[in-house]
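Presented below is the structure to which this report refers.
The values are calculated or read from the model by the stated rules, or taken from the named source; none is laboratory data. All values reported here derive from a predicted model rather than from experimental measurement. Here the Cβ positions follow ideal geometry from the backbone for every residue, glycine too, while neighbour counts run over all protein chains shown. Quick note on the areas: whole protein, heavy atoms, side chains included, nothing else; ligands and nucleic acids left out. Shrake-Rupley method; radii C 1.70, N 1.55, O 1.52, S 1.80 Å.
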Amino acid sequence: QLQLAVPVAVVFAPGSVPGDLPRPLPFRDVQEMEISVNLRAGVTSRHEMLYRSTTAREEAALGAATARETDAALHLLQDTSLGSLTVYVIPETSSLLPQGISTYVGKHRSALVRAGGGLAAFRARLQQLIQVMSFTASSIAAALSDRVPDSQLGPDARRHLKSSLGYEITFSLLNPDPKSHTVDWDIEEAVNRYVQPVLDKLSLVANFSVDSQILYYAVLGVTPRFDKESSSFLLSSHSLPHVINPVEARLGSSAASLYPVLNFLLYVPERSHSPLYIQDKDGAPVSTNAFHSPRWGGIMIYNVEAPASPQASLPLHVDVDMVRVMEVFLAQLRLLFGLSREELPPEFLVESPGNEGLADWELDHLLWAHTVENIATVSTTLTSLAQLLDKIGNIVIKDDVASEVYRAVASVQSAVAELATGHLHSAFQASKEAVTSSERAFFDPSLLHLLYFPDDQKFAIYIPLFLPMAVPILLSLAKIVREARQRKKDPTK
């Protein structure tokens, strides 16, 4: 039974307080909503609302020229603890938001909402905004996807990566035709410039390692179809799943990895199959010329322009445009972590996170989901361990294994308590510790069930050894007993 508490401050600027507010400012209110998961697990979302007026410094920040400047100024004044939200209500006549926009979501943990439409309409808008910036029923169901019936899950629920203590990211350049193309890509510079800021932000969630490789003569394994009209080669959407397996056999990165591996492949088509384009289900070309595979990674096809003259010397030198490539790979990375933007109403305006790749509230979104998933994982692991120990009556449980189990249970209880009080950061850290302890206990070498034999197996092994030896001994004992009885009956004179 989980209770997810979200602290929300609703701050009214002068001239924006609805006339039908139930009480004078400031006051507190609590809104609870049940998220149905299954019969054995209950999740309640609890929004702890604090309604108040703006301070003098907040009023000054709201007087900035643009919403972006206001968001930056308010960030310095607001509560920056993970999982908390601050919603600033501005007058209906304010020019801070563009015409037709009623809600602005900043890149930190605050939003601007235009007043108007009465208290009921305002509360509905507020509820929608909180769900966008914290968690939704679908994101919690996706985190508990192993326990939820498929009928309750959305189409993207199994696309996201499972929660892990670490991830390995591998960028691979596939050059199937090195005789025709010499391909250069400045992957180190691109990673430092575009990927590292995102990973720095995600370092709170997990540890990341990044590596890259160039594979020669690595082909896709699917022969593309030639289209006469466009004089190009096409890969249809139904053939894309068959592309991955032949390539994955060459990657070799997941064999020695402790953590999930994310593969991002840049494929330069061979000269005989160039240019190569990907078609979607409707037969239209995919604008990015890339596709992604859930919980695996993504592949982008990078076409090389044909030489101007047929007599051009081979191999052609190709410099990869890393900006275009990294835009696609970062979008795929966001999809794999479940950070894809859900469809928002047209009156919502969401600020771009910029170079960091994800906003603060998106990081919170990820932490909510991973904390809930970690708690469910620990519950499953400890239940499996208990069932194993019940089956093997003579198993020896060492003190260090027992202490890991106790630590896992205590950490889970701490995580559940911290979630109920709205302390997201400490809840996530406790859930990570619980996962580590439960995994250590479950995979301890002394608890390998093959080390312990059932009783019937012991009889099957030892009876053939001892029975032949026991027969003469038992016969001798019987003879001794008979002789002893005979002596008692016929005592010697």
(request) Using the structure shown, decide if PHE337 is closer than 19 Å to VAL105 by Cβ and of a type outside the set (A, V, I, L, M). (result) yes
(request) Consider ALA218 carefully, then state whether it is open to solvent by 20 Å² or more (accessible area, probe 1.4 Å), of a type outside the set (Lys, Arg) and at pLDDT below 85. (result) no
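Residue-by-condition table, conditions (1) in contact with a Cys (Cβ under 7 Å, 6 or more places away or on another chain); (2) polar (S, T, N, Q); (3) modelled with pLDDT of 90 or more; (4) crowded, with 18+ Cβ neighbours inside 10 Å:
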position: PRO246; (1), (2), (3), (4): no, no, no, no
position: SER257; (1), (2), (3), (4): no, yes, no, no
position: TYR267; (1), (2), (3), (4): no, no, yes, yes
position: ASP282; (1), (2), (3), (4): no, no, no, no
position: ASN303; (1), (2), (3), (4): no, yes, no, no
position: VAL323; (1), (2), (3), (4): no, no, yes, no
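Go through the residues of the range 425-447 one by one and say whether even a single one is open to solvent by 100 Å² or more (accessible area, probe 1.4 Å), of a type outside the set (A, V, I, L, M) and either at pLDDT below 90 or not assigned by the TED database to the domain that holds VAL372 (or both). Lay out the reasoning, then the answer.
At the first step, the residues of the range 425-447 found to be open to solvent by 100 Å² or more (accessible area, probe 1.4 Å) are 433, 440, 443, 445.
Subsequent filtering for residues that are of a type outside the set (A, V, I, L, M) retains 433, 440, 443, 445.
If we keep only those that are either at pLDDT below 90 or not assigned by the TED database to the domain that holds VAL372 (or both) as well, we get 443, 445.
Yes: one or more hits.
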(message) If GLN413 meets every condition in (1) open to solvent by 70 Å² or more (accessible area, probe 1.4 Å); (2) of a type in the set (S, T, N, Q); (3) more than 19 Å from GLN3 (Cβ to Cβ) apart from one, which number is that one?
(response) (3)
(request) Run TYR406 past the list (1) open to solvent by less than 50 Å² (accessible area, probe 1.4 Å); (2) aromatic (Phe, Trp, Tyr); (3) over 27 Å from SER134 (Cβ atoms) and report the number of the one that doesn't hold. (result) (1)
(request) Quick one: count up the residues across the range 59-108 that are among the basic types (Lys, Arg) and assigned to a loop (DSSP other than H, G, I, E, B). (result) 1
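Per-residue answers, yes or no, for (1) under 24 Å from ARG159 (Cα atoms); (2) in contact with a Lys or Arg (Cβ under 9 Å, 6 or more places away or on another chain):
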site	(1), (2)
SER209	yes, no
SER212	yes, no
PRO224	no, no
SER239	yes, yes
ILE278	yes, no
(request) State yes or no: is ARG109 open to solvent by less than 60 Å² (accessible area, probe 1.4 Å), of a type in the set (D, E, K, R), modelled with pLDDT of 85 or more and not assigned by the TED database to the domain that holds GLU418? (result) yes
(request) Read through the list (1) outside any loop (DSSP other than H, G, I, E, B); (2) open to solvent by 60 Å² or more (accessible area, probe 1.4 Å); (3) without any contact (Cβ under 8 Å) to a residue 60 or more places away in the chain, then give the number of the only condition that ALA470 fails. (result) (2)
(message) touching a residue at least 24 places away in the same chain (Cβ under 8 Å), hydrophobic (A, V, I, L, M, F, W, C) and farther than 30 Å from GLU48 by Cα: is that true of ALA408 in this structure?
(response) no
(request) Only residues that are closer than 25 Å to GLY117 by Cα, within 37 Å of the chain's Cα centre (by Cα) and not acidic (Asp, Glu): list them for the range 7-45, please. (result) PRO7, VAL8, ALA9, VAL10, VAL11, PHE12, PHE27, ARG28, VAL30, GLN31, MET33
(request) Filter the range 73-85 down to the residues that are of a type in the set (Ser, Thr, Tyr) and open to solvent by 10 Å² or more (accessible area, probe 1.4 Å), then identify the one that is farthest from PRO14 (Cα to Cα). (result) SER81
(request) Working only within the range 115-136, note down all residues that are touching a strand residue (DSSP E or B) at 6+ places or on another chain (Cβ under 7 Å) and assigned to a helix (DSSP H, G or I). (result) ARG125, LEU126, LEU129, ILE130, VAL132, MET133
(message) Here's a check for you: in the range 164-192, which residue that is open to solvent by 30 Å² or more (accessible area, probe 1.4 Å) and within 30 Å of SER431 (Cβ to Cβ) is modelled with the highest pLDDT?
(response) GLU168
(message) Looking only at the range 50-63, filter to residues that are open to solvent by 30 Å² or more (accessible area, probe 1.4 Å) and of a type in the set (A, V, I, L, M, F, W, C); which one of those is nearest to ALA5 (Cα to Cα)?
(response) LEU50
(message) With the requirement that a residue be modelled with pLDDT of 85 or more and closer than 26 Å to HIS423 by Cα, what does the range 2-25 give you?
(response) LEU2, GLN3, LEU4, ALA5, VAL6, PRO7, VAL8, ALA9, VAL10, VAL11, PHE12
(request) Determine whether the range 72-87 contains at least one residue that is touching a Lys or Arg at 6+ places or on another chain (Cβ under 7 Å), among the small types (Gly, Ala, Ser) and in the same structural domain as GLN127 (by the TED database). (result) yes
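Enumerate the strands (runs of 3 or more DSSP E) found wholly within the range 181-284, keeping only those where 1 or more residues are acidic (Asp, Glu). Full working, then the answer.
Numbers: elements: 181-184, 207-216, 225-227, 232-235, 261-267, 276-278.
Ranges flagged: 181-184, 207-216, 225-227.
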